[in-house]
Amino acid sequence: MLSKTDHPHIVRVIEMLEDDVNYYIVSEIIRGGELYDHIIKHKMFTENQSAYFIKQILLSLNYMH
């Protein structure tokens, strides 16, 4: 499903591979890092910053729905 996804807020999976021990996921390169790391680094956000992140998440959920 994620290999067919084309949305700016969802990482596209290019290929999935496996061997006897591991699974490998090849995905597009994204800039900016993960939201979790951003939250840990900054600790607090303004209401506008929070609204920006929530809007991106909701747009992604709406697209996948």
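The values are calculated or read from the model by the stated rules, or taken from the named source; none is laboratory data. Please read all numbers here as calculations on a predicted model, not as lab measurements. We place every Cβ from the backbone using ideal geometry, glycine too, and count neighbours over all the protein chains shown.
Annotations
- Qualifying residues in the stretch 1-38 (those that are part of a loop (DSSP other than H, G, I, E, B) and touching a Leu at 6+ places or on another chain (Cβ under 9 Å)) - the one surrounded by the most Cβ atoms within 10 Å (Cβ to Cβ): ILE10
- Pair list, Cβ under 6 Å, 6 or more apart: the stretch 1-20 residue closer than 30 Å to ILE54 by Cβ and among the basic types (Lys, Arg), other residue at pLDDT 85 or above and exposed (fewer than 10 other Cβ atoms within 10 Å of the Cβ): ARG12/GLU28
- Here is the figure for the stretch 19-40: residues that are closer than 19 Å to GLN56 by Cα and of a type outside the set (Ser, Thr, Tyr) total 12.
- Where a residue in the stretch 50-65 is free of Cβ contacts under 8 Å to residues at least 40 places away in the same chain and its partner, wherever it lies, is assigned to a helix (DSSP H, G or I), with Cβ under 8 Å and at least six apart: PHE53/LEU35
- Residue satisfying all of: in the stretch 39-51; part of a helix (DSSP H, G or I) and of a type in the set (Val, Ile, Thr); surrounded by the fewest Cβ atoms within 10 Å (Cβ to Cβ) among these: ILE40
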